[in-house]
Each structure stands twice: as C-alpha cells, then as structure tokens.
Amino acid sequence: MLIKRSPNGIDLPYGSEITPREIFESRRSFIGKIAAGSIASGALLEMAAREAFAQTPGAQKLTAKLNPAYNSVDKQTPFKDATTYNNYYEFGTDKSDPAKTAGTLKPRPWTVTIEGEVKKPMTLDIDSLLKLAPLEERIYRLRCVEGWSMVIPWVGYSLSELVKKVEPTGNAKYVEFVTLADKAQMPGLRSPVLEWPYVEGLRIDEAMHPLALLGLGMYGEVLPNQNGAPVRVVLPWKYGFKSAKSIVKIRFVSEQPKTAWNIAAPREYGFYSNVNPDVDHPRWSQASERRIGEDGLFAKKRKTLMFNGYNEVASLYKGMDLKKYF
Ligand code: MTE
C-alpha cells in the first residue's frame, strides 16, 4: 500500500491486479536501494561513533593480538550500541545516562592499590597495568541480569597475571574489587540507589580462572568512560553486574566480601551470579535474552546458555547447589 501511494513513479495503477514486470523490477531495485542505503547509513553511524571517540582527550589505541581461544562466531555488537546502552549507576540509572554524563570521569592519572592477604602489596598506575602482561583481544559475550546481552572485543589479559604478581597468602580466599566513588566526578552518587562505593567480589579460584579478564580497553582503544575506564574486570560467565568498572582497589580477603547488589537486594542478586537459565530472578525469567543492536524488540529472544556458554568454568562449581548459591 505504501508503494501504491508513492509519488516517485512506481505507483500501481488503481484496479491493477497483476504487477507489470517493469514496475515489479523497479520496486525491487527501489527496495534494494533502501536496504543498501540503510546498511550504509548504519555503517556510517558506527564509523562516526568510533571516530568521535578516537578524538576524545583520553583516547588511545591499544595494540593487541586476538587470542583465538576467545574468539566468537557471534556478530560483534556495534561500538555505538556498546557505548550508549550502559549500566553505570555512578553516572545515572538510565541506560543512556553514562554516555551523556561520564565525561567528568578522569581516567588519568589513576592508580589501583592491591592489598590485604598478599605477600607483595602494591600500587600500580595505568601505564604499569598496561605493561604488566601482553595485551590480548578477546571477544566475549556479556549477559546482563536484565535479559540483554552484547558481544564485545575486549582488550586486556587474564586477571591471574596480576594476582600472581602480588602473591596471595594462604588466607586469601576471596578477592574484592572496590570501584571509584568520587562525588566531584560522578553525579549518580547523589542518589542512594546503591551503597557506594560499588563493590564486587570473586572467590580466589574464580579470579585465577584464565577466562576472568582484567579489561583495559575495547574495540582496539582504551575503555570509554561509560564502559568503566580505565580498568575493570570482565567475567563473561557471570551476570554483567559482577564485572566491576573503574576499579581503584583490589583486596585479598579471607571472608566473602559484601557486594553492592547483594547488599541492595539479597534475594535477587547472589554472590556467585553465574549465568543460569534454570534459576530465574524472583521477578523475571533468565531463560532467554535479547542481543543489543541485533535483536529488535519484537524478535524472538535467543536462549540463554548455562554459564553464558562458557562451560570451561563448570569445574569451579562441582558439587555446589547452584540454586542455593545463585
Ligand atoms: N560497575 C560500577 N562501578 N557501577 C555500575 O553501576 N554496573 C554493572 C557492571 N559494572 C556497574 C558496574 C552492570 S549492572 C553491568 S550490566 C555492566 O557493568 C555493564 O557494562 P557495560 O556498560 O560495559 O556493558
């Protein structure tokens, strides 16, 4: 019906039952051009988003070789979506807030203090962290507890590289990640939506698993502020909230740390929070997900996989009741 009313010469004459060949073909080429045009404009927007980020003051290219063990057949989420649809409550609770407000975060100078049950406590600046181990590119799926997911080319190295440097003592059973809480840089701290600073944690064997990434960049550049500049963790077998952004302190402790979301709603967010399609969140199902930038609102949701498909971590939880330890 759109075509019938189009003013561009391809209208169907009223009453016509069979589409004449030349009209059918011109319609096909017209639709083809629209499709090609929309693809090209999508690619242009993506290029523009990357270019705009490359021009921001702190931007810096990071050269990293793709680690083929962490490649993915899934389509990568466009940079534009990964950097404008974010959860970073220190910069607001709306998905679009961090991209608008995180410009006030100063990712340099920055230090991370590593302390607690370690033989070699240390404070490292970002340049030391960038040089601590060879940078790798790893394409990870990240599944948010809210039911959406993304596929992102991260840059970093296994968190275990850093853990080994500080030599944890026998009392180090857990690792706590403390993130920046600075009212001058983070407008969201005025809201008591969470207890600040945002804290997350892992059991030490989880932190030592090669899949646990210390993230310093994405899409071949340093991390954009809204994605957790200048250093975060990326734990692709766990719900996204475990992947703490903008870390300032890593503490090795003997007791399970109290974590931000667990303090806020203990029945909803457990300490482990492994992606598990069989354990629903009290208010919604975890059986399926929507891929941001790819699956439209009305597309059939895709099935969520146990451990988000990263079965290599299963041995960490042998013998544990994952319904109890959700
Ligand atoms: N880290 C801090 N410091 N503050 C936060 O609000 N949100 C978490 C996690 N890390 C959050 C955080 C949540 S809920 C998710 S889903 C991921 O970051 C989102 O990461 P992304 O924006 O890079 O996709």
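The values are calculated or read from the model by the stated rules, or taken from the named source; none is laboratory data. Note that this is a predicted model, so its numbers are computed, not measured. No Cβ is skipped: glycine too gets one built from the backbone with ideal geometry, and neighbour counts run over all protein chains shown. We work out accessible area using only protein heavy atoms, side chains counted, and drop any ligands, DNA or RNA first. Shrake-Rupley method; radii C 1.70, N 1.55, O 1.52, S 1.80 Å.
Overview of results
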{"item": "Most mobile listed residue (Asn276, Asn87, Asn67) in the chain, GNM with C-alpha springs under 10 Å", "result": "Asn67"}
{"item": "Nonlocal amide H pairs with Val248, under 5 Å, H built at 1.01 Å", "result": "Val178, Thr179, Leu180"}
{"item": "Listed pairs Lys249/Lys301; Lys131/Lys324; Lys80/Lys165; Lys164/Lys242 exceeding 31 Å between Cα atoms", "result": "Lys249/Lys301; Lys131/Lys324; Lys80/Lys165"}
{"item": "Placed amide H near Val275: partners under 5 Å, 5+ positions off or other chain", "result": "Lys238, Tyr239, Phe307, Asn308"}
{"item": "5 angstrom amide H check on Val145, placed H, neighbours 5+ away", "result": "Gly240, Phe241"}
{"item": "0 to 90° range, to nearest 10: angle between helix 21-54 axis and the chain longest Cα axis", "result": "30"}
{"item": "Calculated from backbone phi, Karplus (6.51, -1.76, 1.60) coupling profile of region 150-158 in Hz, x at Gly/Pro", "result": "9, 10, 10, x, 7, 10, x, 8, 4"}
{"item": "Value at 222 nm in deg cm²/dmol, rounded to 500, when DSSP H runs of n ≥ 4 in the chain each add -39,500 (n - 2.57)", "result": "-6000 deg cm²/dmol"}
{"item": "Given charges at beta-carbon only (K, R positive; D, E negative), |dipole| of the chain in Debye", "result": "200"}
{"item": "Which of Met320, Ile114, Leu130, positive extreme of dipole for the chain (C-beta unit charges)", "result": "Met320"}
{"item": "Karplus (6.51, -1.76, 1.60) ³J(HN,Hα), θ = phi - 60°, over region 303-317, in Hz, Gly and Pro reported as x", "result": "5, 7, 9, 4, 6, 6, x, 8, 5, 5, 8, 4, 5, 5, 10"}
{"item": "Tyr325, Tyr317, ranked by accessible area, largest first (probe 1.4 Å)", "result": "Tyr325, Tyr317"}
{"item": "Over region 16-263, equivalent-ellipsoid semi-axes from the Cα gyration tensor in Å", "result": "40, 20, 17"}
{"item": "Backbone HN-Hα couplings from phi across region 164-170 [Karplus 6.51/-1.76/1.60, Hz, Gly and Pro as x]", "result": "4, 4, 8, 6, x, 7, x"}
{"item": "Computed accessible area, Val193, all protein chains, 1.4 angstrom probe, square angstrom", "result": "60"}
